[in-house]
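K.L.:
My questions all concern the structure below.
Throughout, read-outs are computed from the coordinates displayed, never taken from laboratory work. Bear in mind that the values here come from a model prediction, so they are computed numbers and not experimental data. Cβ sites come from the backbone with ideal geometry, for glycine too, and all protein chains shown count toward neighbours.
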Amino acid sequence: MTEDELIKGCIRENAACQREVFNRYAGTMLGVCQRYARTSEDAEDILQDAFIKVFNKIGQFKFEGSFEGWIRKIVVNTALKKYSLIRYSKELSGYEIKESNETQVDPSAYGHLTEKDLLVLINALPDGYRLIFNLYVIEGYQHEEIADMLGIQPGTSRSQLVKARMMLQKQITALQKVAV
């Protein structure tokens, strides 16, 4: 069955088509959820909530652009609602990383990190930093878009990204020292 046929079947609320759409995209979208969630249970909850929204709003899909991209946008927005900035507003303003004279991360340290290692490091970031990092670096949103989505200033998004990157560099440096 083609993607268009599946979408039209979902619009008609055909359970078999809905199941097939879920089966095709759930694995990829669970990965998106895991980047935003603190726990695997939270990721699964976000995924479930997102697919409920997908099936409720599928009539709004205009058959323009990527269907997977349309689903991803719903998944990201569902994750954002779960982890609203109100929940961790202290992180946005209260956690400061001080500049240091530590040596830069050896570029070879990055080469030894697997995708799983990076995901663990990203998930260890405070929620606010992780959220901005994911939206900017992984999802490709610009700071102005992130600001609109989260109700913050673009400068706040920029500073959170800088702090997230600094924390990741410190984590990588610590791993590099342990590996030596």
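K.L.:
If you add up the charges near Gly9, with Lys and Arg at +1 and Asp and Glu at -1, over every other residue whose beta carbon is less than 12 angstrom from its beta carbon, what do you get?
P.N.:
It works out to a net charge of -2.
K.L.:
Let me ask another. Placing +1 at every Lys and Arg Cβ and -1 at every Asp and Glu Cβ, with all other atoms neutral, what dipole size does the range 3-82 have around its Cα centre, in debye to the nearest 20?
P.N.:
That gives a dipole near 260 debye.
K.L.:
Stokes-Einstein D for the range 3-82 at 4 °C, 1.567 mPa s, Kirkwood Rh over Cα pairs, in µm²/s?
P.N.:
Roughly 103 µm²/s, to the nearest whole number.
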